[in-house]
Amino acid sequence: EPQQTMECSARQCSSGRAAMPLLCLSAKSRESFRRAGLDALWHNAAMEYALQTIGRSYDEFLTAARWAESKGLAAFAIPDHYIYMAGPDAPAYDAFAIMAGLARETSSIELSITVAPVTFRHPAVLAKNAATIQEMAGGRFTLGVGTGWLEAEHTSFGIDFPDTTTRFEMTEEAL
């Protein structure tokens, strides 16, 4: 008998606003995948599922991370942005500060920042922050590093936005 096989619902945060929709695919039977129209996924038995999301407050991130952990998802990830595309009233909190808190308030789920742009953060600062969160999380943290792509957030914060070739060179150097 499968446990709860599919869940897709909006959660309420402490302010009463509906949080982001959350999706968990933790089905234990092929039939539950078929009913959900996901029969093709069943054939990849090694596949694990993770949740990447944004939140309007630390409490929303924490609620989502704890939900993902309770459902047995492999990982919980957040993006590193200074502006979210979710609208003008969606604050974009610092991903490293949020992740440090989640590292202390979760116990088993892998945690990840996807993807920290090298245009925002010096490579030494990235490494120092990642090492600190890795220790706080007991080895459960993964950092994604990339070129950055959202020119509007660079412009809004007065951060240089080099051409694509330069951003790739910066990423290679940082790694």
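A short reminder: the numbers here are calculations on the coordinates, not readings from a lab. Since this is a predicted model, take the numbers as computed values, not measurements.
Show the residues, 5+ positions off or on another chain, whose built amide H is closer than 5 Å to the amide H of residue 141.
111
What three numbers, in Å, describe the spread of the alpha carbons of region 47-175 along their principal axes, ordered from the longest?
42, 33, 28
Mind listing the phi-derived Karplus ³J(HN,Hα) values for region 98-115, rounded to whole Hz, using 6.51, -1.76 and 1.60 with θ = phi - 60°, and x for any glycine or proline?
4, 5, 4, x, 5, 4, 8, 10, 10, 10, 10, 6, 5, 10, 8, 9, 10, 10
By the gyration tensor of its Cα atoms, with a ≥ b ≥ c the square roots of the eigenvalues, what is the shape of region 66-142: rounded for a/c under 1.5, prolate for a/b over b/c, or oblate?
oblate
Amide H of residue 116: which non-local residues (sequence gap of 5 or more, or other chain) have their own amide H closer than 5 Å, using H built in the peptide plane?
When sequence neighbours closer than 5 places are left aside, the close amide H contacts are 144, 145, 146.
Short version: ³J(HN,Hα) in whole Hz for each residue of region 58-63, in order, from phi by Karplus 6.51 cos²θ - 1.76 cosθ + 1.60 (θ = phi - 60°), x for Gly and Pro, what are they?
4, 4, 5, 4, 5, 4
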